[in-house]
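The values are calculated or read from the model by the stated rules, or taken from the named source; none is laboratory data. Remember, it's a predicted structure, so these values are computed and weren't measured experimentally. Cβ coordinates were reconstructed from backbone atoms using ideal geometry, including for glycine residues, and neighbour counts include every protein chain displayed. Quick note on the areas: whole protein, heavy atoms, side chains included, nothing else; ligands and nucleic acids left out. Shrake-Rupley method; radii C 1.70, N 1.55, O 1.52, S 1.80 Å.
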Amino acid sequence: MTLTYVSALAGLLLLLIPGYLLYLYDRPTLQKTGLAVLRMVVQLSVMGACLWAVYRFDCLWLNLLWIVALVVAATFLLVSRVKMSSQALFLPVSVAMLVTVLAFSAYVLYAVLRPAQPMNARWLVPVSGVLVAHIMTTGMQGLRTFFDCLQQDSQPYNTLIGNGATRLQALAPYITRALRALTKPAIANMSAMGLFVMPMLLSGLLLGGLSVVEAVVSYVTLALAGVAASVVALLLALALFCSHSDMKVQQR
């Protein structure tokens, strides 16, 4: 496959059809669409340049540096959408996400997929990227549910603490709600992946040179690893946060 600047421009020309229709019927949306496309191109260009360097040099320390940068960016996005102090939550979430991503990436690569060179960029970067994306999207809902429930219904927590319960015992109901909020959409997504998401992901894996069997095994493994990593990352982040912060809360 050979891609050139001309072929990239030909791909962008696909926007002419919806662009012309929006120009005729909804010009405000056309402006928003143009800005969104421009933002996407800039972001992908920057990420593409970074990935080019990672794949070009393909050394372990650079691959790990890429994962750290990805985790930091994902943590910023996740924490910014949770109604909680960013300074108090950033370090626990980033540490939990980094530890979980590295651990599950190593397990997937060494115990399941077992490529010839597990730590090279071709394998480590996409596997860790899938895990980071999964943790960020599902963990956001779990953390938001945990803090919302704690703020809206803090009386059980304060009552248990006042009666001599440990912090973990007092937080157990809220952690349960957070896990439920995390796993329910994950399970629902997995049940629908076979029809909607699986064809797209399998196409990417097949284009990457994997056989059909290898592509299916890789897809299933990454889907299960994403759910497991999200649960572990959420529990680890809450454990780190609760052990190093003042959990006195007042009901809103």
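When peptides 55-66, 176-187, 95-106 are sorted by average Cβ neighbour count within 10 Å, with the highest value leading, the order is 95-106, 176-187, 55-66.
Give the carbon-plus-sulfur fraction of the accessible surface of the range 1-119 in %, rounded to a whole number; probe 1.4 Å, heavy atoms of protein chains only. Heavy-atom surface of the range 1-119 belonging to carbon and sulfur, 1.4 Å probe: 72 percent.
Phi angles of the range 129-139 translate, via the Karplus equation with coefficients 6.51, -1.76, 1.60 and θ = phi - 60°, into HN-Hα couplings of x, 4, 5, 4, 4, 5, 5, 5, 6, 7, x Hz per residue; Gly and Pro are given as x.
Shown in residue order for the range 224-231 are the 3J(HN,Hα) couplings computed by the Karplus curve 6.51 cos²θ - 1.76 cosθ + 1.60 at θ = phi - 60°: 5, 5, x, 5, 4, 5, 5, 5 Hz (x for Gly and Pro). Solvent exposure of the range 11-72 amounts to 78 Å² per residue of accessible area, where only protein heavy atoms count and the probe is 1.4 Å. Each residue of the range 113-126 was assigned a 3J(HN,Hα) from its phi angle through the Karplus curve 6.51 cos²θ - 1.76 cosθ + 1.60 (θ = phi - 60°); the sequence is 6, 6, x, 5, 10, x, 8, 7, 5, 4, 9, 5, 5, x Hz, with glycine and proline shown as x. Does the range 1-133 come out rounded, prolate or oblate, given a ≥ b ≥ c as the square roots of the eigenvalues of its C-alpha gyration tensor, rounded meaning a/c under 1.5 and, failing that, prolate meaning a/b above b/c? In terms of gyration-tensor shape, oblate. Take the Cα of Arg81, step 7 Å along the line toward its Cβ, and report every residue of the range 124-160 whose backbone nitrogen sits under 17 Å from that point. The answer is 130-148.
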